[in-house]
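The values are calculated or read from the model by the stated rules, or taken from the named source; none is laboratory data. On a predicted model such as this, the values are computed, not experimentally measured, just so you know. Glycine also receives a Cβ, built like all others from the backbone with ideal geometry; neighbour counts cover every protein chain displayed.
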């Protein structure tokens, strides 16, 4: 009989295999905490996609609730709230891993959400039911204080830095309203342009910027005197804002034109555009080094990565249907 040319080992093969598996498992356990995750809401599929930001691919998708649109971190930074508009609830996710933590029911029609800067108030704009729900916030706990009827189609929210006033755009009545938070009463309302959506307070509480989704620009509002003082032409379907993180510049998605404009909040001027994008840019976030802008594309089922310095799209990642909100931590936009 021919002898094997391979020497016989005194260590059983099964033990070798077991040792390999244990080694691989240890490697995975140690590698997992290093993964940076982007959380993306697929509003058309009632799901969340988790993206490995280094590998630039989705590694997990799971159901979260009906029509998840917007999300934001809690004051203690221990959870991310996902607002399920048609599900009438919010879901808490781990901000670093995106994993499910818990569900809070009976938050009615939360389309857009926001904490006041002092973290004492939490507001949910009910886009579908024409209502604005104001909650007293105590950490992660929310207690309903008042329902403010606001016709028609409350959309996006902004605050004064002293947390005394909240502003909400009303898409289908082409208005902007101000709410005094101490008594949750509407202070005033004023007409603005077509289909107002995103609203943003400039540094020093000088002006409000309102994106006109039914038009092609941003209106600059003197909110103290309730008047439009300027309009900045950007692109069709001007929609949502995200700050660069330098306290001066802000990005605006033009959802119909499929471009992103860069606005100087001091000069109140457009200083550039990012073009050559997939259709329907919407929500954004900025990497902590300020080098990349991550964008959801509502009509393309994609997340895009833009090199900010070159103003150029450098990668796309397939996700679910109608991706809307996007979040990762840390972020230059809010840290």
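Have a look at 68, 33, 75 and point out the one that is at pLDDT below 95 and surrounded by 13 or more Cβ atoms within 10 Å (Cβ to Cβ).
Values: 68 fails: at pLDDT below 95; 33 fails: surrounded by 13 or more Cβ atoms within 10 Å (Cβ to Cβ).
None of the others qualify; the one that does is 75.
Among strands (runs of 3 or more DSSP E) lying entirely in the range 118-192, which contain 3 or more residues that are closer than 18 Å to residue 107 by Cα and at pLDDT 95 or above?
Answer list for the range 118-192: 121-126, 131-138, 141-149, 154-159.
Can you tell me which residue in the range 51-65 is nearest to residue 314 (Cα to Cα), limited to those that are more than 17 Å from the chain's Cα centre (by Cα) and part of a loop (DSSP other than H, G, I, E, B)?
Ranking the qualifying residues of the range 51-65, first place goes to 56.
Considering only the range 269-335, give the strands (runs of 3 or more DSSP E) lying wholly within it that have at least 2 residues that are touching a residue at least 24 places away in the same chain (Cβ under 8 Å), under 16 Å from the mean Cα position of the chain (by Cα) and surrounded by 17 or more Cβ atoms within 10 Å (Cβ to Cβ). Give the derivation first.
On the way: elements: 269-274, 281-286, 292-297, 302-307, 312-318, 323-327.
Fully inside the range 269-335 and qualifying: 281-286, 292-297, 302-307, 323-327.
Surrounded by 15 or more Cβ atoms within 10 Å (Cβ to Cβ) and touching a helix residue (DSSP H, G or I) at 6+ places or on another chain (Cβ under 8 Å), is that true of residue 195? So that I can check it myself, show each step before the final result.
Working: surrounded by 15 or more Cβ atoms within 10 Å (Cβ to Cβ): yes; touching a helix residue (DSSP H, G or I) at 6+ places or on another chain (Cβ under 8 Å): yes.
Yes; evaluated as a whole, the condition is true for this residue.
Here are the criteria: (1) within 28 Å of residue 235 (Cβ to Cβ); (2) touching a residue at least 24 places away in the same chain (Cβ under 8 Å); (3) surrounded by fewer than 21 Cβ atoms within 10 Å (Cβ to Cβ). Tell me which single one residue 219 does not satisfy.
Result: residue 219 passes all but (3).
Which of the residues that make up the range 230-249 are part of a strand (DSSP E or B) and over 21 Å from residue 194 (Cα atoms)? Full working, then the answer.
Going residue by residue through the range 230-249, those that are part of a strand (DSSP E or B) are 230-233, 238-243, 249.
Of everything in the range 230-249, those that are part of a strand (DSSP E or B) and over 21 Å from residue 194 (Cα atoms) turn out to be 243, 249.
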